[in-house]
Amino acid sequence: MKILKYLFLLLLLSLVALTVFVATQKGIFSVERSKVINSPRTTVYNYINDFRNYEDFESWAIEDPTIKMTFPNKTTGNGASFYWDGTEGKGNAITLKAIEGESIQQKMKYDGTEADVNWTLKDTLAGKTKVTWKSSGTMSFLFKVYAALNGGSDKVIGTIYEKSLANIDKNLDFETKTFAVKVNGIVKKTETAYIKQTFTSEIAKINKNVRIVIPKLIEFSQNNGLSTNGKPFIIYHTYNTATGLAKISICLPTNKEIMTTSGSDILGGTLNGFEAVKTTLTGDYTHLNEAMAKTTAFINKEKITPELSWSHLEILAVSKLDVKSPSKLVTEIYYPIKPKVVPVVKEFPAYNPAATSTTPKPAAEAPKPTPKPTTEEEQSEF
């Protein structure tokens, strides 16, 4: 019994000593990990910038099946957020500042632990991206105990970051390389009423602008009693690869054409029916150039005459509003063409030998000469 008593006292003293040790620690931590991701910087940024993807790459979320993530309407850019809840605790994160393609600043809270989280992205050789993930903050008492028993905060958090960065690389490697391009051929597009916003954009930022404008168009249609009549689309009035600029109209098809008040940045319009060469891209938007190149090759091979008064049309059949996986996106591209002119063939009556007469036709009478106008002198002779 004395041995058990001594063991209990020893365990109690050890627990008290550990508690005192942990309590006297500042609980401040700073952890940083980097990895070269085998994907373009824009693709990596868009992936990390969307909180919906965190359940696919955060190692702690993947390894704990009890965690349930909740996503509000806004999951990308400034003000984006998400929440999680599991048997080991709950927390939330919010994006404070996102600089397109460069960095993301976030604030995270997890059962008393708070951290400032920073992502930075840099281009490397061969189109890859160096991602640096850093967090610093203060640990809760329970997290200090956990970290003390598991090798310290750098090891605990650093291991999570290392596994998560590896997941980002693996996921994006699959998502960006899984795509298909199909030239469907010549089709006819019917007349479509729509609401739109028109402006000139950098080609590289069109996808970002689409994510901003489409929710505005949807809200406008709901507030004005309009019904949507299909998927959002983009009209490319001009597309200049030399300057990197395009004049575009981001559109939402509606059940009827409307007139808006003067000064409104949202306008109504109608897209007239036209003939086009249609190409379907299944996969990430980064493969649009390949889809366009195949379309151009088809037009040249078939000796089709393009309509050059505007560039092309893209229908977002399955967009980021519908799915989060880039490999599941579907974009329909329509290049306007001039309809082929069908030559008019003059029809002649069928030859019928039985109807041919054997009686020779009388010779045609010679035309009578046209009387010569008389002059005033000739008239005077009569």
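Coordinate-derived values only; no laboratory data. If you're wondering where the values come from, they're calculated on a predicted model, not measured in any experiment. Ideal geometry is used to build each Cβ from the backbone, glycine not excepted, and the neighbour counts take in all protein chains shown.
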Practice prompt. Report the label-to-label distance for residue 328 and residue 296 in nanometres (one decimal), using points 7 Å from each Cα along the Cα→Cβ vector.
Written response: 3.3
Item to complete: Provide the gained length on full extension for the span residue 83 to residue 28, in nm with one decimal, where the gain is 0.36 nm per separating residue minus the Cα-Cα distance.
Response: 17.5 nm
Worksheet, complete the sentence: Expected unfolding gain across residue 103-residue 259 under the 0.36 nm per residue rule, minus the alpha-carbon gap, is 52.1 nm
Worksheet item: Expressed in nm², what is the orientationally averaged projection area of the convex hull enclosing the Cα positions of segment 24-177?
Response: 8.9
Worksheet item: Using alpha carbon centroids, what distance separates segment 41-84 and segment 194-262, in Å?
Response: 27
Worksheet entry | Residue pairs, from the table 74/188; 122/170; 128/208; 231/256; 303/328, whose Cα atoms sit over 25 Å apart | 74/188; 303/328
Response to the item:
segment 288-338 and segment 131-166 have their Cα centres apart by a whole-number Å value of 46
Response to the item:
Filtered hits (aspartates and glutamates, Cα-Cα < 13 Å from residue 247, offset >= 8 within chain) -> 202
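Return the FRET efficiency for the residue pair residue 237, residue 182: r is the Cβ-Cβ distance, R0 is 25 Å, and the value is rounded to the nearest 0.05. Let's see the in-between values first.
On the way: r = 26 Å, r/R0 = 1.03.
Efficiency computed from Cβ-Cβ geometry: 0.45.
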Worksheet entry | Phi-based couplings in Hz for segment 175-192 (Karplus 6.51, -1.76, 1.60; Gly and Pro marked x) | 5, 7, 8, 8, 7, 8, 10, 10, 7, 7, x, 7, 9, 10, 9, 7, 4, 9
Discussion item. For the ranges 124-133, 244-253, 193-202, what's the packing order if you count other beta-carbon atoms within 10 Å of each residue, average per peptide, and put the highest first?
Written reply: 244-253, 193-202, 124-133
Worksheet item: Based on the Cβ-Cβ distance from residue 55 to residue 209, what FRET efficiency comes out when R0 is 22 Å, to the nearest 0.05?
Response: 0.25
Practice prompt. Compute the projected area of the convex hull of the Cα atoms of segment 182-336, averaged over all viewing directions, and report it in nm² to one decimal place.
Written response: 9.2
